Amino acid sequence: MVETLPVGRSNHQRLEWRRWVPAFLSNHRTLFTVLWIAALASVLLWQRNIVDGFLVFRRAPMKSMPLLRPVAFNLTDFGAVGDGVTVNTEAFERAVSAISKLGKRGGAQLNVPPGRWLTAPFNLTSHMTLFLAEDAEILGIQDEKYWPLMPPLPSYGYGREHIGPRYGSLIHGQNLKDVVITGHNGTINGQGQTWWTKYHQKLLNHTRGPLVQIMWSSDILITNITLRDSPFWTLHPYDCKNVTIRNVTILAPIFKAPNTDGIDPDSCEDMVIEDCYISVGDDAIAIKSGWDQYGIAYGQPSKNILIRNLVVRSMVSAGVSIGSEMSGGVSDVTVENLLVWNSRRAVRIKTAPGRGGYVRRIMYRNLTFDNVRVGIVIKTDYNEHPDGGFDPKALPVIEDISFTSVHGQGVRVPVRIHGSDEIPVRNITFRDMSVGLTYKKKHIFQCAFVEGRVIGTIFPAPCDNLDQYDEQERLVKRSSTQNATDIDYDF
């Protein structure tokens, strides 16, 4: 698998500096300022179109496309025309077919040169690098009749929005090994506006398709590209192993772009998501593992996932979510060095009776919230089900969750942990937390049916459900009750 890209040593050093600096900054105000500068720089460097009315500066000279495989093809070799009008589906298919014959030689690279390359959905193959040049843009055709129908995902029971088949993704792959999607920040554009309108008008008969979906595959690298305006979820690795997503910009309108999640790891194992900027119309990241009885039967968890060095925004949902479709289980997830800005929620775990499964061993550290309505959310009554066949006695387990070094400003409610008698939240830990508030109300650290501890002094003051320890982790005060309820959904 190609793991290195033609980036100079100085760029690599800058990436490493940005990755590790937050861990060495002890002053959270300084960290907050550095993250904001990094966020602005990321937008300036990565996004080369107009974003929210902002124009980016003059571009550098066109970069040559490096050779990352033994053989390289140009899309134009197969008759493609990058005028934004000609449909190039057959050219993509011929190119992929040619690459599929070269697997024993190490595969091949398909170069997409500058231009606007309109296409219907097409499939990738193993041992393939899809390389998008600077100013290259793959455009998804907007007429749904050109989008093939696929069987429902086995862990969901049927299409997420409609019973029966679902639309495939614009770029798709199944049972693959060693696939790279990269470039000089070229763009894959789903042109989702038509899909969103038809969804709101209830004119679609099948579940919308993702922008990029890789299924039952391993050794996947997606880096140095922009993904935008997906019809549905943007990047959906499903039941995959060894996946790296790095230096990716994901964009969709923050309103009226329904279900345009940024990255949805679904029943995936051994995955890294790092150094990305995501601003979309739903969760920036949502870790999943199947839906109710179908996910329980499929039985494939999401585990060993590292998420770090991200700047994200979600005005509709959350920056980083786990669930609500988590019936196969989610465990061993680390989220670190995360900036969430201008968002409804920052990080969230959501589930409900009927899900089954578990969420355990989740570690959050170095989180910064700026102008976020609710910072940390755990919700156990997210009652959306595929059909009436779910078992209400299939209760998920939520345990071993830790939050360390949480800071920010402009937050209305820093914490809302809504466990229940059926689904209590167990062994939760808070340490080094100081969040500036905009909502002057007594109950701003809200808890129900939660057991855990606070180490040291945090702000705002924790709920009474949690045990309190000093900085040396010596017990200071035992909680008088873990079932106290102090949840307010009036805002």
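Every test in (1) over 24 Å from the mean Cα position of the chain (by Cα); (2) at pLDDT 95 or above is passed by residue 130 save one, and that test is (1). Here 208, 246 are screened, and the one residue that is in contact (Cβ under 8 Å) with a residue 12 or more places away in the chain and either surrounded by fewer than 24 Cβ atoms within 10 Å (Cβ to Cβ) or polar (S, T, N, Q) (or both) is 246. From the list 447, 463, which residue is among the hydrophobic types (A, V, I, L, M, F, W, C), open to solvent by less than 60 Å² (accessible area, probe 1.4 Å), in contact (Cβ under 8 Å) with a residue 12 or more places away in the chain and not in a strand (DSSP E or B)? Answer to the selection: 463. Condition check for residue 369 on (1) within 27 Å of the chain's Cα centre (by Cα); (2) open to solvent by 40 Å² or more (accessible area, probe 1.4 Å); (3) of a type outside the set (S, T, N, Q): one failure, at (2). Residue count for segment 405-434 under the criterion of being under 22 Å from the mean Cα position of the chain (by Cα) and open to solvent by 50 Å² or more (accessible area, probe 1.4 Å): the result is 0. Selection of segment 86-119 for residues being among the hydrophobic types (A, V, I, L, M, F, W, C) and either open to solvent by 70 Å² or more (accessible area, probe 1.4 Å) or part of a strand (DSSP E or B) (or both) yields 87, 108, 110, 112, 117, 118. Restricting the first member to segment 389-404 and to residues that are open to solvent by 50 Å² or more (accessible area, probe 1.4 Å), and the second to residues that are assigned to a strand (DSSP E or B) and among the hydroxyl-bearing types (Ser, Thr, Tyr), the beta-carbon pairs closer than 8 Å and six or more apart or on different chains are 404/364; 404/429. Residue count for segment 171-188 satisfying the condition of being out of contact with any His (no Cβ under 9 Å at 6 or more places or on another chain) and either open to solvent by less than 20 Å² (accessible area, probe 1.4 Å) or within 14 Å of residue 246 (Cα to Cα) (or both): 12.
Of all positions in segment 149-161, at least one carries a residue that is outside any loop (DSSP other than H, G, I, E, B) and either open to solvent by 10 Å² or more (accessible area, probe 1.4 Å) or in contact (Cβ under 8 Å) with a residue 40 or more places away in the chain (or both). Listed by position, the strands (runs of 3 or more DSSP E) enclosed by segment 255-345 that each have at least 1 residues that are surrounded by fewer than 23 Cβ atoms within 10 Å (Cβ to Cβ) are 269-280, 302-314.
Does segment 71-85 contain at least one residue that is in a loop (DSSP other than H, G, I, E, B) and either charged (D, E, K, R) or modelled with pLDDT under 95 (or both)? For segment 71-85, residues in a loop (DSSP other than H, G, I, E, B) and either charged (D, E, K, R) or modelled with pLDDT under 95 (or both): absent.
The values are calculated or read from the model by the stated rules, or taken from the named source; none is laboratory data. Just so it is clear, the structure is predicted and the values come from calculations on it, not from any experiment. Here the Cβ is made from the backbone with ideal geometry for all residues, glycine too, and neighbour counts use every protein chain on show. For accessibility, only protein heavy atoms count, side chains too; no ligands or nucleic acids. Shrake-Rupley method; radii C 1.70, N 1.55, O 1.52, S 1.80 Å.
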